[in-house]
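Undergrad: One structure follows; several queries about it will come next.
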Amino acid sequence: GNQLNGHAGIVHGGIVSLLLDEAFGWAIEALYPPETMEKEGRLIFTGNMNVNYRKALPKNTTVMIRLFHIKTDGRKIYLKARMEDFQKAGKEGVVYSEATSLWLAVYTKEKKVGMTESDEMMMQRRGSEKMANTLSTSSIM
């Protein structure tokens, strides 16, 4: 509708980028389920997103956003996307925009050197930092 327009009859570019960013987020959740990330003590954040606007998106247009996982390199995840006309997607359809995105996986809690997951669980049950200090010291030697 008109509330999303930049110029008359054309969807604002900020709305286009918002939709692409949201689609990237859903792709990340499909690749890396939140419950797995939480168990590992990690979160994934947008590092950057670059949008190339190919054609103005008319208001009231139904689009399809195609997402592609390019690669994962350590904690870096590379994605790309295309916003296409839904009626002609995959054929000779109109491409309204394309985007690339870099996502970063970061730890939300400090990992102790040399600790396994079972060591961490045992330490949590005991409520003691002694075990962490012992493991850290012995892994240096």
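The values are calculated or read from the model by the stated rules, or taken from the named source; none is laboratory data. Keep in mind that this is a model prediction, so the values were computed, not measured. Positions of Cβ are backbone-derived with ideal geometry, glycine not excepted, and every protein chain shown enters the neighbour counts.
Undergrad: Show me the strands (runs of 3 or more DSSP E) entirely contained within the range 6-99 in which 2 or more residues are of a type in the set (Ser, Thr, Tyr) and either in contact with a strand residue (DSSP E or B) (Cβ under 7 Å, 6 or more places away or on another chain) or exposed (fewer than 13 other Cβ atoms within 10 Å of the Cβ) (or both). Explain how you work it out, then say what you get.
TA: Values: elements: 42-53, 63-73, 76-85.
Where strands (runs of 3 or more DSSP E) fall fully within the range 6-99 and carry at least 2 residues being of a type in the set (Ser, Thr, Tyr) and either in contact with a strand residue (DSSP E or B) (Cβ under 7 Å, 6 or more places away or on another chain) or exposed (fewer than 13 other Cβ atoms within 10 Å of the Cβ) (or both), they are 42-53.
Undergrad: Within the range 22-61, work out how many residues are of a type in the set (Ser, Thr, Tyr), in contact with a helix residue (DSSP H, G or I) (Cβ under 8 Å, 6 or more places away or on another chain) and closer than 15 Å to ILE77 by Cα.
TA: Qualifying residue count for the region: 1.
Condition check ((1) touching a Lys or Arg at 6+ places or on another chain (Cβ under 7 Å); (2) within 27 Å of THR108 (Cβ to Cβ); (3) at pLDDT 95 or above) across all residues:
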residue	(1), (2), (3)
GLY1	yes, no, no
GLY13	no, no, no
ALA23	no, yes, yes
LEU31	no, yes, no
MET37	no, yes, no
LEU57	no, no, no
MET64	no, no, no
ALA81	yes, yes, yes
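Undergrad: Tally the residues that are farther than 16 Å from ALA27 by Cβ and free of Cβ contacts under 8 Å to residues at least 12 places away in the same chain, restricting the search to the range 46-74.
TA: Residues meeting the conditions: 2.
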